[in-house]
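The values are calculated or read from the model by the stated rules, or taken from the named source; none is laboratory data. Source: prediction; values computed, not measured. Reconstructed Cβ throughout: ideal geometry from the backbone, glycine too, with neighbour counts over all protein chains shown. Calculation scope for accessible area: heavy atoms of the full protein, side chains included, ligands and nucleic acids excluded. Shrake-Rupley method; radii C 1.70, N 1.55, O 1.52, S 1.80 Å.
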Amino acid sequence: MGETGLDTLIASAALALSLVALVMSVYFWRRQFRPIVTAMVKTHAGGNNGIAYILVVLNSGSIPARDIKFEVVSQVALADSFGSGADGDNKKRWLACFDATTVIPLLHNGAHLSCSFGATEEGDRGFWKNRRAEIPIIIRYKGWFGKAYDERQTLRIVDSDSFTGFMWA
């Protein structure tokens, strides 16, 4: 093989390697350049008698999210989580985030929103039972450029100030 053939082989290998690097860069950029919307139940206030919760929605992605909606996957799991205080008025107020007409029109990257999300009380007298209830949900939203996303996750009704449920007073 002559010097020209070796030069062509080296140039071809460099071109192929560059194309592979370009494809990988575009692939990872597309996965990263998007909104990432998550939700979490957090403790709003707590005391000896009970804990009040909020639902926090966060966009930790790199671009804004639009038309964010929440959907309960299992009505059985939701109903199993209710305490004796889950009457019609409380359900309307604290489960409004799951209503089909409730939409967050825009959530900027790095921003968060919250709403009240019920309470637990001793002896399951609160809206939620006083245990670690889990509610599977789907968060549906669009990216800034119209691509749709569905994120499945589970909301846990638990004191977010302590991951074990025990802490100093």
> About the Cα centre of the chain, what is the dipole size in debye to 20, counting +1 per Lys and Arg Cβ and -1 per Asp and Glu Cβ, all else neutral?
Replying inline: 300 debye
>> For K147, give me every one of the lysines with a C-alpha distance below 16 angstrom, ignoring sequence neighbours fewer than eight places off in its own chain.
In response: K69
> How would F28, F163, F82 rank on accessible area, largest to smallest, probe 1.4 Å?
Replying inline: F163, F28, F82
>> Students often get this wrong, so try it: which of (i) 19.8, 61; (ii) 16.6, 54; (iii) 23.9, 87 is Rg and Dmax of the Cα atoms in Å as calculated from the structure shown?
In response: (iii)
>> Multiplying the sequence separation of S62 and V23 by 0.36 nm and subtracting their Cα-Cα distance, what value in nm do you get?
In response: 12.0 nm
> Between A45, A21, A100, which gets the highest mean-square fluctuation from a Gaussian network model of the chain, Cα cutoff 10 Å?
Replying inline: A21
>> Which order do you get for C115, C97 if you rank them by accessible area with a 1.4 Å probe, largest at the top?
In response: C115, C97
> Where does the charge balance sit around Y141 when Lys and Arg score +1, Asp and Glu -1, over other residues with C-beta under 11 Å from its C-beta?
Replying inline: +3
>> Connecting C-alpha atoms closer than 10 Å in a GNM of the chain, tell me which of G146, G61, G83 has the biggest fluctuation.
In response: G146
> How would F98, F145 line up by accessible area, probe 1.4 Å, largest first?
Replying inline: F145, F98
>> Of the candidates A13, A39, A77, which one comes out as most mobile in a Gaussian network treatment of the chain with C-alpha springs shorter than 10 Å?
In response: A13
